[in-house]
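S.K.: Handing you this structure, nothing more for now.
The values are calculated or read from the model by the stated rules, or taken from the named source; none is laboratory data. As the structure is a computational prediction, the values presented were derived from the model and not from experiment. All Cβ positions, glycine included, derive from the backbone under ideal geometry; neighbour counts span all protein chains shown.
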Amino acid sequence: MNQVTVLSSGSGLRRPLCLNWLLGLQNMEIDGPRSVARDWDLNGRQSISIAVLTEDRDDVEIINSALRDAGHAAHCHWIPSPAKLADMMAAENVELLILNCDRFKDSIRQVIKLKDRYNPEVPLVAMQATADEGSILTAMQAGACDLVSLSLKGRLQSVVSRELRALRVERALNSTIQSATEYKRQLKDHMDSSSSSIALVQDGIFTDINDAWVRQFRAGNKNELIGMPVMDTFDPESQAALKGALIATIQGKWQRNEKLIVRSQVQSGNNAEIHLEFRRFDLDDGPCVQIRIAPQLKIAEEPTKLVHDALKRDPTTLFFHRAQFIERITKRLRRKPAQGTHCLVYIKPDNFGAVRQKVGILNSEEVIAQLAEEVRKRLHPRDVAGRFEGTSLMVLLERGSARDAQVWGKQFCDHIAKHTFEVEENSTHLTCTVGACAVNEVFSSLEEFIAATVSAHSLGRKAGGNTSFLDQSADEDTKQREFDAIWVKHLKAALMEDRFRLAQLPIAGLRSDSVQMYDLLVRMIDEHGNSVLPSEFLPAAERNNMMKNIDRWMLQSAVKFCNEANADRVFVRMSKQSIKDTSTAAWLQQKLDDAGFDCSRLVIQIPEQDAATHIKQTQVLAAHVRKLGIGFALEHYGIDQERFQILDILKPDYIKIDGELMHTLMTDSNMQAAVAKIVKAAQKRNIKTVAERVENANAMAVLFQLGLDFMQGHYVHEPEVVLQERESVAANTLANLTAAGAV
């Protein structure tokens, strides 16, 4: 049986041990460079292969023992001569050389020279009887990593640990670089062989493109684009969304299945619209973004169908002819929208005779065409537009409320007033007036609905034009009062029978997802179990002083939702009736104290217009809820874009950018600048910003680029009804609300 001798701890005597001993230590080779090293010892520690250059094999035993005491699974090879070293380096994957300068034939420099022929990265630690700063410096100048002495066992252990760690880090880095280089080569091979247009972008600059991209953008060769800003390739209206998408991709916020719709500077047929996909890659020179143009399915249509469709549209505006428009909105009005309500807007230029006189009768149609294009940019997919008569356009919008339609018109009027219409050699400006009206029970026919919308426009013209005017005649109509009387009965019955439901709309973080936040909405269930949208019952509740009841139902339900859903923060809106009611703050404190609720989980939100109208009452309420630890938010913010003073007065924790700005935001650089100004003002005041009604990836990308903190809308998640069980919640009944002073 092969035996070796090792130093016995303490006695200095030698004792025989079996080479295959049972103490979990690895074999120690002392007879030469045989390949018997193990990768792991019996305790699961990674084996270290060390060559000890010395004529005295007792040095091997001492070093082996010292390293094992330090926790290293050392496997030491005894190298008594330079010839053995050459054989060892050729046969073994050695991680460290330890040279006893006092007991080896070759010098440090000679050993380094021999070692570098096989593996230059392996470190060499010199050893001698004593070591001072001068001798350490001499050894390191000769090529050693350090010089240690046998008399300082602790320093030997530390130096070996340091050098092994440095070696492995270097090897890992080299391996990563090699993998990245191979990864980059494979990525380039994939780009070159792909039929799709692909580009790599770093810091907004093209670093590589494939031939398909060159053809797509009609460049002469790759060198024309590589090194150029990616923004130069795309239309200015698309650049904000593109920049946001690139930033979001680098920060891991872009979903791989999302597509960004942009327009290129190079026209490709009649449709320059391009769908882009983004993916992050980590290369050896840093992260980059791969942009791929997604293939768009082209469905061939029969020529007869194309002709028929063209005949339904006005050739100037490309909107539906009057008859086709009325037919379509008639069908659309027969069904209720999934969210919100239908609103009709009537758009007509002011003093168009002056424009016609300036550009000419024939060219005036081009002005109408450009006006229609500006309308088209502001339409949602579910909106329907038509040329109603002469210079007037009409659009059926699906919006949250009548107010949203008025805001839509106001934004459009403001945009048109600043827009320049170019017709051949002439430039002209114009303003327009928008009349808006929401669907209401008082309208017994489409004729009455359209007449009310046109009447709203006439009132706007009488007020001086260049404005958006909302029809409110129905609010004072006798028929409206009759309908309200019915609604009041329904509302009271729904409160008493607990037929209100809570709906939650998730709020997603654009910078961080660490906080689970929800916007809470209200739904009503009728006697037959059908859902009633807020746009149907909330206006009646507001006109009949019943919003306080609903507000308080919402607040109590919000507490229940937080406890059941473990929500970090919920937003609950309060009406102007609750703002003006001096008992609201005391009622809120009592209910939250009784529930033992963590007030930091609740955010009270109030529409900016209501807060501005009732600024003193809002200021009192905001101060009270802040003392309780409740957050405060202003919603529908940004219509009056310069209203920053209200932020200093009310000091909200959040502002919600009005949802009606979102669709225009994607293509309107002036609107982007205005929203960026709001965000900057909010950041200066340490106010978090939330975007309302985000519908698609393009809007998200622009918001990301503008620096907003959160977003909500259908792009994040559809509203989801919660608290659906028909539980008897005594605190939520009309009787208890009445006792609390809500009615």
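S.K.: Pick out the one residue from I205, I226 that is under 23 Å from the mean Cα position of the chain (by Cα) and either surrounded by fewer than 17 Cβ atoms within 10 Å (Cβ to Cβ) or farther than 30 Å from S514 by Cβ (or both).
M.R.: Numbers: I226 fails: under 23 Å from the mean Cα position of the chain (by Cα).
On inspection, the qualifying residue turns out to be I205.
S.K.: If you don't mind, another one. What pairs come up if the first residue lies in the range 372-399 and is closer than 22 Å to L533 by Cα, the second is of a type in the set (S, T, N, Q), and their beta carbons are under 7 Å apart, counting only those six or more places apart or on different chains?
M.R.: What qualifies is R399/T341.
S.K.: Of all the residues that make up the range 669-706, how many are assigned to a helix (DSSP H, G or I), more than 13 Å from P652 (Cα to Cα), in contact with a strand residue (DSSP E or B) (Cβ under 9 Å, 6 or more places away or on another chain) and of a type outside the set (A, V, I, L, M, F, W, C)?
M.R.: Total meeting the criteria: 1.
S.K.: Any idea which of (1) farther than 20 Å from D146 by Cβ; (2) in contact with a Ser or Thr (Cβ under 8 Å, 6 or more places away or on another chain); (3) crowded, with 21+ Cβ neighbours inside 10 Å is the one A91 doesn't satisfy?
M.R.: The number of the failed condition is (3).
S.K.: Please go through (1) assigned to a strand (DSSP E or B); (2) farther than 11 Å from R292 by Cβ for L200 and return the number of the only condition it doesn't satisfy.
M.R.: Exception for L200: condition (2).
S.K.: Right, something else. Considering the range 603-649 alone, what residues qualify as being hydroxyl-bearing (S, T, Y) and more than 25 Å from the chain's Cα centre (by Cα)?
M.R.: Within the range 603-649, T613, T618 qualify.
S.K.: A follow-up question, please. Looking for whichever is touching a residue at least 60 places away in the same chain (Cβ under 8 Å), under 37 Å from the mean Cα position of the chain (by Cα) and more than 23 Å from P337 (Cβ to Cβ) here; the options are L502, L510. Which one fits? Reasoning before the result, please.
M.R.: Working: L502 fails: more than 23 Å from P337 (Cβ to Cβ).
Exactly one residue qualifies, and that residue is L510.
S.K.: Among the residues that make up the range 619-639, is at least one of them among the polar types (S, T, N, Q), closer than 24 Å to R399 by Cα and surrounded by fewer than 20 Cβ atoms within 10 Å (Cβ to Cβ)? It would help to see each step written out before you state the result.
M.R.: Here is the first cut: in the range 619-639, the ones among the polar types (S, T, N, Q) are 619.
Checking the rest, the ones that are also closer than 24 Å to R399 by Cα come to none.
The answer is no; no qualifying residue exists.
S.K.: Considering (1) outside any strand (DSSP E or B); (2) modelled with pLDDT of 95 or more, say which one F632 fails and leave the rest.
M.R.: The failed condition is (1).
S.K.: Here's another thing I want to ask about it. What is the number of the single condition among (1) within 17 Å of G143 (Cβ to Cβ); (2) surrounded by 14 or more Cβ atoms within 10 Å (Cβ to Cβ) that R117 does not meet?
M.R.: (2)
S.K.: Additional query: Scan the range 566-589 and tell me whether some residue there is surrounded by fewer than 21 Cβ atoms within 10 Å (Cβ to Cβ), modelled with pLDDT under 90 and touching a strand residue (DSSP E or B) at 6+ places or on another chain (Cβ under 7 Å).
M.R.: Within the range 566-589 (the criterion being surrounded by fewer than 21 Cβ atoms within 10 Å (Cβ to Cβ), modelled with pLDDT under 90 and touching a strand residue (DSSP E or B) at 6+ places or on another chain (Cβ under 7 Å)), the answer is yes, since at least one residue qualifies.
S.K.: Separate question: Name, by its number, the condition in (1) modelled with pLDDT under 75; (2) in contact with a Cys (Cβ under 7 Å, 6 or more places away or on another chain) that does not hold for F281.
M.R.: That leaves (1) as the condition not met.
S.K.: What single numbered condition from (1) under 26 Å from V721 (Cα atoms); (2) touching a residue at least 40 places away in the same chain (Cβ under 8 Å) fails to hold for A585?
M.R.: The failed condition is (1).
S.K.: Same structure, new question: Against the definition (part of a helix (DSSP H, G or I), small (G, A, S) and assigned by TED's automatic domain parsing to the domain that holds L708), how does A567 come out, yes or no?
M.R.: Values: part of a helix (DSSP H, G or I): no; small (G, A, S): yes; assigned by TED's automatic domain parsing to the domain that holds L708: yes.
Criteria not met by A567.
S.K.: Still on this model: Does the range 159-179 hold any residues that are surrounded by 14 or more Cβ atoms within 10 Å (Cβ to Cβ) and out of contact with any Asp or Glu (no Cβ under 9 Å at 6 or more places or on another chain), and which are they? Write out each step before concluding.
M.R.: Restricting attention to the range 159-179, the residues satisfying the condition of being surrounded by 14 or more Cβ atoms within 10 Å (Cβ to Cβ) are 159-164, 167.
Hits for the range 159-179 are V160, S161.
S.K.: Quick test for you: out of A493, A451, A436, pick the one residue that is over 43 Å from the mean Cα position of the chain (by Cα) and not β-branched (V, I, T). Walk me through it before giving the result.
M.R.: On the way: A493 fails: over 43 Å from the mean Cα position of the chain (by Cα); A436 fails: over 43 Å from the mean Cα position of the chain (by Cα).
Going through A493, A451, A436 in turn, just one is over 43 Å from the mean Cα position of the chain (by Cα) and not β-branched (V, I, T): A451.
S.K.: Any residue at all in the range 381-398 that's in a loop (DSSP other than H, G, I, E, B), basic (K, R), more than 30 Å from R481 (Cβ to Cβ) and in the same structural domain as F319 (by TED's automatic domain parsing)? Can you show your working first?
M.R.: At the first step, the residues of the range 381-398 found to be in a loop (DSSP other than H, G, I, E, B) are 381-383, 390-391.
Retained after the next criterion (residues that are basic (K, R)): 382.
Within this subset, residues satisfying the condition of being more than 30 Å from R481 (Cβ to Cβ) are 382.
Filter once more, keeping what is in the same structural domain as F319 (by TED's automatic domain parsing): 382.
Within the range 381-398 (the criterion being in a loop (DSSP other than H, G, I, E, B), basic (K, R), more than 30 Å from R481 (Cβ to Cβ) and in the same structural domain as F319 (by TED's automatic domain parsing)), the answer is yes, since at least one residue qualifies.
S.K.: Quick one: count up the residues across the range 311-370 that are farther than 19 Å from H415 by Cβ and of a type in the set (A, V, I, L, M, F, W, C). Write out each step before concluding.
M.R.: Within the range 311-370, the first condition is being farther than 19 Å from H415 by Cβ, and the residues that meet it are 311-316, 318, 320-342, 344, 353-354, 356-365.
Imposing the further condition that a residue be of a type in the set (A, V, I, L, M, F, W, C) reduces the set to 311, 318, 320, 323, 325-326, 329, 333, 338, 344, 354, 359, 361-362.
Counting residues in the range 311-370 that are farther than 19 Å from H415 by Cβ and of a type in the set (A, V, I, L, M, F, W, C) gives 14.
S.K.: Could you say whether any residue in the range 528-551 is among the hydrophobic types (A, V, I, L, M, F, W, C), within 28 Å of Q705 (Cα to Cα) and assigned to a strand (DSSP E or B)?
M.R.: Narrowing the range 528-551 to residues among the hydrophobic types (A, V, I, L, M, F, W, C): 532-533, 537-538, 540-541, 546-547, 550.
If we keep only those that are within 28 Å of Q705 (Cα to Cα) too, we end up with none.
Looking through the range 528-551, none of the residues is among the hydrophobic types (A, V, I, L, M, F, W, C), within 28 Å of Q705 (Cα to Cα) and assigned to a strand (DSSP E or B).
S.K.: Give me the pairs: first residue in the range 289-318 and at pLDDT below 65, second residue of a type in the set (S, T, N, Q) and not in a strand (DSSP E or B), beta-carbon distance under 7 Å, and six or more apart or on different chains, which are they?
M.R.: none
S.K.: Taking the range 648-668 only, how many residues are in contact with a helix residue (DSSP H, G or I) (Cβ under 7 Å, 6 or more places away or on another chain), in a helix (DSSP H, G or I) and farther than 22 Å from I630 by Cβ?
M.R.: The total comes to 5.
S.K.: Could you please give the count of residues in the range 422-473 that are crowded, with 20+ Cβ neighbours inside 10 Å, among the hydrophobic types (A, V, I, L, M, F, W, C) and assigned to a strand (DSSP E or B)?
M.R.: 7
S.K.: Of these, D31, D39, D59, which one is under 20 Å from E163 (Cα atoms), at pLDDT below 85 and not small (G, A, S)?
M.R.: Numbers: D31 fails: under 20 Å from E163 (Cα atoms); D59 fails: at pLDDT below 85.
Sole residue among the options that is under 20 Å from E163 (Cα atoms), at pLDDT below 85 and not small (G, A, S): D39.
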